Amino acid sequence: MKGRGVGWLVLALLVALGSALLGGLREGAQFAGSDVRAMAVVNAVQPDYRPWTGLLWQPPPEIASGLFALQAALGAGVLGYYLGFKRGQARRRRERADDGD
Amino acid sequence: MHIAEGFLPPLHAALWTALAAPFVAAGVRRANRLAREKPQAKLLLAASGAFAFLLSALKLPSVTGSSSHATGVGLGALLFGPSVMALLGAIVLGFQALLLAHGGLTTLGANVFAMAVVGPWVAFGVARGARWLGAPLAVGAFAAALSGNLATYLTTAGQLALAFPDPASGVAGSWLKFAAVFAPTQLPLAVIEGLLTVTIVNFLREYSGDELRALELWPESPAVEAR
């Protein structure tokens, strides 16, 4: 079970790596966001469309990377807390069962 | 699938917001009921939200030479049913619209509808279908997360196509254009999301039998019962 858990994770990493390498081989690959490219299609389909409202607030680029990191850190932090908590709980339960014998 | 701020005409933006709002409201009610009736599952709910938070923060490079990201909403839909994910997804998208200049407030309704309503419902439906077919849990979880991810992006393509029909080929032609931008980039990322979801589901099967039983998930699954 434990081995299988890591196996899936390794496979996910391999797919990510392979996808990135294949993508990088493409000519002029800049890894622009597909969202940005879709908005460019909007301009191609209807060249006279102009966004009718702008962002309330846009973080300066240096700050934006920090906020992205913050989002990932919050997610990974809470997720990691849960996973560690459950593992510890299971071990405690096993130890208590052993003591009972 | 983040439609940028101002990139839907006002009428479309208002309609998608009106469509998404009741789902988010139902998600709030469902989350409250879960917390009240199954308090032992609260931490798992937080962890499912955290999974979506983490995955949607990571822009991954793809085979097409552009990048995009996973949605992470399939896992929660699998565990808690689709309705609660409307709330969790809306929190993720709200955070990104307000703080990361990713998406926007006028397009928040449309983005919520794609990622937090259609994605989870498709994932949930596929998981149910896989179970009905007798597929192993890992296969069901993988297929659910993968199809939830793809469905989200195809929905975004549909929303853009409705707002910006092609002068020559109409809404359908426009949808194909937008889908052609999203789908090839998204496919490997959807596979990655599926694999990560299976990783978490396997962990839960090993360590979280109590919560899974409380959620009455896969009641007939012997792997859960054995714990």
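The values are calculated or read from the model by the stated rules, or taken from the named source; none is laboratory data. This is a predicted model, so every value here is computed, not measured. All Cβ positions, even for glycine, are placed from backbone atoms using ideal geometry, and neighbour counts span all protein chains on display. These accessible areas exclude ligands, DNA and RNA; they are computed on the full protein's heavy atoms, side chains included. Shrake-Rupley method; radii C 1.70, N 1.55, O 1.52, S 1.80 Å.
Descriptive notes on the structure:
- What the Kirkwood sum gives for region B:58-184 is a hydrodynamic radius of 15.3 Å, with every pair of different alpha carbons counted.
- Calculated FRET efficiency for the pair A:Leu25/A:Trp52, C-beta based, R₀ 45 Å, to 0.05: 0.70
- Extension gain, A:Ala90 to A:Val6: 0.36 nm times the residue separation minus the Cα-Cα distance gives 28.4 nm.
- Label-point gap, in nm, between A:Ala44 and B:Trp132 - each point 7 angstrom along Cα→Cβ: 3.8
- Charge tally in the Cβ shell below 13 Å around A:Ala20, where Lys, Arg are +1 and Asp, Glu are -1, A:Ala20 excluded: +2
- Measuring nothing but protein heavy atoms, the accessible surface of the protein assembly as shown at 1.4 Å probe radius is 67 percent carbon and sulfur.
- Pairwise FRET efficiency - B:Leu19 versus A:Ile63, Cβ, R0 = 45 Å, nearest 0.05: 0.85
- Computed from Cα atoms, the angle from the helix B:10-37 axis to the main principal axis of chain B rounds to 10 degrees.
- Each other residue within a Cβ distance under 14 Å of A:Val41 adds +1 if Lys or Arg and -1 if Asp or Glu, for a net charge of 0.
- Rounded to the nearest 10 degrees, the inclination of helix B:83-99 to the longest alpha-carbon principal axis of chain B is 50 degrees.
- Here chain A is scanned for chymotrypsin sites (Phe, Trp or Tyr not before Pro) in DSSP loops (not H, G, I, E, B) that have at most 13 other Cβ atoms within 10 Å, and the longest stretch holding none of them is A:1-51.
- Solvent-accessible surface of region B:10-225, taken per residue with a 1.4 Å probe and all protein chains present: 35 Å².
- Once A binds B, the 1.4 Å probe can no longer reach about 5600 Å² of accessible area, counting both sides.
- Compared with the dominant principal axis of the Cα atoms in chain B, helix B:137-163 is inclined by about 20°.
- Shielding by partners for peptide B:5-15, expressed as the average number of C-beta atoms from other protein chains within 10 Å of each residue's C-beta, is 3.
- Cross-link partners of B:Lys42 among aspartates and glutamates (Cα-Cα below 15 Å; sequence separation of 8 or more within a chain): B:Asp210, B:Glu211, B:Glu216
- Other residues lying with their Cβ under 14 Å from the Cβ of B:Ser56 contribute a combined charge of -1, Lys and Arg counting +1, Asp and Glu -1.
- Computed Rg/Rh of the protein assembly as shown, alpha carbon atoms with Kirkwood Rh: 0.99
- Shielding value for A:45-55 is 6, the average number of Cβ atoms from other chains within 10 Å of each residue's Cβ.
- Residues whose amide H lies under 5 Å from that of A:Ala32, counting only those 5 or more places away or on a different chain, are B:Ser67; hydrogens are built 1.01 Å from N in the peptide plane.
- Separation between Cα centres of region B:105-156 and region A:30-101, rounded to whole Å: 18
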